[in-house]
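First up is the structure itself, then whatever we jot down about it.
The values are calculated or read from the model by the stated rules, or taken from the named source; none is laboratory data. As the structure is a computational prediction, the values presented were derived from the model and not from experiment. Cβ atoms come from the backbone with ideal geometry, glycine included; neighbour counts cover every protein chain shown.
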Amino acid sequence: RRNLSLLSPEEILLAKILLQEGQKHLFDHWPEPGFDDQRKKNFFNQVARLNTSYPGGLVSYISNGRKLLADAKAGKNPYDGFTPSIPSGEVLTFGDDKFILLEEAGVREARKAAFVLVAGGLGERLGYKGIKLALPSETTSGKCFLQHYIESILALQEASCRLVVQGQCEAEIPLVIMTSDDTHAPTLVLLESNCYFGMKPTQVKLLKQEKVACLSDNDARIALDPNDNYKIQTKPHGHGDVHTLLYSSGLLKLWQSAGLKWVLFFQDTNALLFKAIPASLGVSSTKGYQVNSLAVPRKAKEAMGGITKLTHLDGTTMVINVEYNQLDPLLRATGYADGDVNCETGFSPFPGNINQLILELEPYMQELSKTQGAIPEFVNPKYKDSSKASFKTSTRLECMMQDYPKNLSASARIGFTVMDKWLAYAPVKNNPEDASKVPKGNPYHSATSGEMAIYRANCLILRKAGVQVADPIIDIFNGQEVEVWPRITWSAKWTSIFRDVKGKVNQRCSISQRSTLVINGQNVFLDALSLDGTLVINANDQAEVEVTGCVQNKGWMLEHVDYKDYSIPEETRIRGFRIHKIEQLEVNYTEPGKFCFKS
Ligand code: UGB
């Protein structure tokens, strides 16, 4: 009580709230005024931050905590009363007529979209020291994930504007990056030291998520930091925070008044994603989906959530992601004796959620204004014993961005789009050691497989467009057996959609397995090119270059490296190879004009 004299009126209010909410233990050790006064002020600064960053403040957090902890103790299953069944959605096949039409529809809409990248995660599973956005997505260009994403958004912006009838379009697609204490500063440094990778700094906005208070028992008593008893122990709340932050930042209103219509959410290390975005945005706009989740065929028990139709006893239904560790028990408990198993297609009938969501802005805003951006949470306490009376370590509430549709009414237009996996999904999440233990046939989700997937996707796209691309060979890097396709990469502006690829290559082109092809430029056309070696083409936007003839040289070789060899940079070690550049042909076009390169 005597310490009240140290506090401002706002701090006194917070103290009262904490006392009323059963948190007296936080102050039990406080000495008389005159001792630790600055640390007491610091404590209240942190309390104020925790209070404002959670919808409804600490009162709501504690009461939600008590409810969820009581449910967990009672063994309540969040899916009690729900029966799962196989959902139906749009299933697309890359390159067919429908896909091409949807891509065009998507590109048209892109100038009315905002992109939101959730990048607050530390990536413990990958074990990479830096932020994942700074990791090269592939080695031929060395471009990091953030550069690749930004260039892809800018390419989409340009492509979308080109389609506008009057030719007058100054759209600037906004990019929001959700960061956390762990990733904020390095993300900003990465952007600033690279001039925002060509995007206007005003187009990019960073929103930092705050951690939430840890809870030490079933009464939701807030835990103090074991190393500092004037500090509340905190842990991440999960990627679901993105909805709260977008709501509280006021950005949604700004976007609405700027005429935007779509918000696209995506994760930090999936380089393939932008190959799938135009068609899936096309699905959203043609089907009028308020919520569209991107999905890929998923192997049973694969570590990715499954999109599932859930029907409640009261008849209501929802199509929602069920996390992989919950799907199998849910199925077993509801009549599917074998749980989550592959069907005759060789995949689980529940498509895999890749956590790429496309939301229609208007209904999204309406919904968030009802909940202040809060979305359903869960808690995962680790109990000391079966009495469930106490925890091994403190716990906290968590939330996931894909749980947003759980709040929506039955009439909401919720759908999903299944894409070819080779086209849409190859995240980098697992370290080499864990990846090498993944059962055969299941994806590694490592830096090795993520990079190989880019080459494979580009090769398959060129093949579909008629180019004769050699078959891959099989090789093993860091204990992972992968297909090694020709290393083909292109800058995002070369093409955003398949129709553009078809207009830039032809069936008289061929590329051998040991080849590397790097295209940096917008107007590069491959005509009757025969490549056996390495060719790098750099052309500025005003140069129109036709490449033809036979290019043969010693090329670039993949050299094996061991992830345990600490003399090698981490970003190289974790993929298990580096590129040895023996010989290449590099051609540069820096002036405007039409050029024909014949080898
Ligand atoms: N992230 C944040 O921005 N903040 C956080 O507090 C936590 C994460 P993970 P996860 O793609 O296969 C998801 O850790 O959560 C960002 C889906 O839930 O890589 O284990 C983080 O930076 C799951 O359904 O993945 O699993 C990253 O960009 C499935 O789709 C993103 O959130 C799975 O991804 C995802 O974080 C998958």
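Out of the residues in region 239-263 that are under 19 Å from Glu210 (Cβ atoms) and among the β-branched types (Val, Ile, Thr), which is nearest to the ligand (Cβ to nearest atom)?
Among those residues, the one meeting the criterion is Val242.
Do the conditions hold for Ile579, that is, is it touching a helix residue (DSSP H, G or I) at 6+ places or on another chain (Cβ under 6 Å) and under 22 Å from Asn430 (Cα atoms)? Reasoning before the result, please.
On the way: touching a helix residue (DSSP H, G or I) at 6+ places or on another chain (Cβ under 6 Å): no; under 22 Å from Asn430 (Cα atoms): yes.
No: the conditions fail for Ile579.
Filter region 331-359 down to the residues that are surrounded by fewer than 22 Cβ atoms within 10 Å (Cβ to Cβ) and either of a type in the set (A, V, I, L, M, F, W, C) or closer than 24 Å to Tyr54 by Cα (or both), then identify the one that is farthest from the ligand (Cβ to nearest atom).
Start the filter on region 331-359 by keeping residues that are surrounded by fewer than 22 Cβ atoms within 10 Å (Cβ to Cβ), which leaves 332-339, 341-347, 349.
Filter once more, so that each one left must be either of a type in the set (A, V, I, L, M, F, W, C) or closer than 24 Å to Tyr54 by Cα (or both): 333, 337, 341, 343, 347.
Numbers: Ala333: 20, Ala337: 25, Val341: 19, Cys343: 20, Phe347: 15 Å.
Residue satisfying both the conditions and the ranking: Ala337.
Look through region 110-126, keep the residues that are under 24 Å from Ile497 (Cα atoms) and crowded, with 20+ Cβ neighbours inside 10 Å, and return whichever of them is nearest to the ligand (Cβ to nearest atom). Break it down into steps so the answer makes sense when it comes.
Taking region 110-126 and keeping what is under 24 Å from Ile497 (Cα atoms), we get 110-117.
Now drop any that are not crowded, with 20+ Cβ neighbours inside 10 Å, which leaves 110-111, 113-117.
Numbers: Ala110: 21, Arg111: 25, Ala113: 19, Ala114: 17, Phe115: 13, Val116: 10, Leu117: 7 Å.
Of everything passing the filter in region 110-126, Leu117 is nearest to the ligand (Cβ to nearest atom).
Could you identify the single residue in Lys440, Lys406 that is of a type in the set (Lys, Arg), over 19 Å from the mean Cα position of the chain (by Cα) and either over 30 Å from Tyr247 (Cβ atoms) or assigned to a loop (DSSP other than H, G, I, E, B) (or both)?
Details: Lys406 fails: either over 30 Å from Tyr247 (Cβ atoms) or assigned to a loop (DSSP other than H, G, I, E, B) (or both).
The conditions single out Lys440.
Output the number of the condition that Asp541 fails; it satisfies all remaining conditions of (1) surrounded by fewer than 17 Cβ atoms within 10 Å (Cβ to Cβ); (2) at pLDDT 95 or above.
Asp541 satisfies all of (1) surrounded by fewer than 17 Cβ atoms within 10 Å (Cβ to Cβ); (2) at pLDDT 95 or above except (2).
What are the pairs with Cβ atoms under 6 angstrom where one residue, in region 231-248, is assigned to a helix (DSSP H, G or I) and the other, located anywhere, is near the ligand (Cβ under 7 Å from one of its atoms)? Sequence gap at least six, or different chains.
Asp241/Gln209; Val242/Val118; Val242/Met178
Checking Arg396 against (1) within 21 Å of the chain's Cα centre (by Cα); (2) at pLDDT 95 or above; (3) more than 27 Å from Arg111 (Cβ to Cβ); (4) within 12 Å of the ligand (Cβ to nearest atom), which test does it fail?
Of the numbered conditions (1) within 21 Å of the chain's Cα centre (by Cα); (2) at pLDDT 95 or above; (3) more than 27 Å from Arg111 (Cβ to Cβ); (4) within 12 Å of the ligand (Cβ to nearest atom), the odd one out for Arg396 is (1).
What is the residue count in region 61-78 for residues that are surrounded by fewer than 18 Cβ atoms within 10 Å (Cβ to Cβ) and on the phi < 0 side of the Ramachandran plot? Reasoning before the result, please.
Here is the first cut: in region 61-78, the residues surrounded by fewer than 18 Cβ atoms within 10 Å (Cβ to Cβ) are 63, 66-67, 70-71, 73-78.
With on the phi < 0 side of the Ramachandran plot added as a condition, the list becomes 63, 66-67, 70-71, 73-74, 76-78.
Total meeting the criteria: 10.
Considering region 138-159 alone, what residues qualify as being crowded, with 18+ Cβ neighbours inside 10 Å and either at positive phi or touching a Lys or Arg at 6+ places or on another chain (Cβ under 6 Å) (or both)?
Correct list: Thr140, Ala155.
Looking at Glu172, Glu104, Glu90, which is the one that is crowded, with 21+ Cβ neighbours inside 10 Å, away from the ligand (no atom under 15 Å from the Cβ) and in contact (Cβ under 8 Å) with a residue 24 or more places away in the chain? Steps first, answer last, please.
On the way: Glu172 fails: crowded, with 21+ Cβ neighbours inside 10 Å; Glu104 fails: crowded, with 21+ Cβ neighbours inside 10 Å.
Exactly one of Glu172, Glu104, Glu90 is crowded, with 21+ Cβ neighbours inside 10 Å, away from the ligand (no atom under 15 Å from the Cβ) and in contact (Cβ under 8 Å) with a residue 24 or more places away in the chain, namely Glu90.
Within region 22-45, take every residue that is buried (at least 17 other Cβ atoms within 10 Å of the Cβ) and in contact (Cβ under 8 Å) with a residue 60 or more places away in the chain and give me the one that is farthest from the chain's Cα centre (by Cα).
My answer is Asp36.
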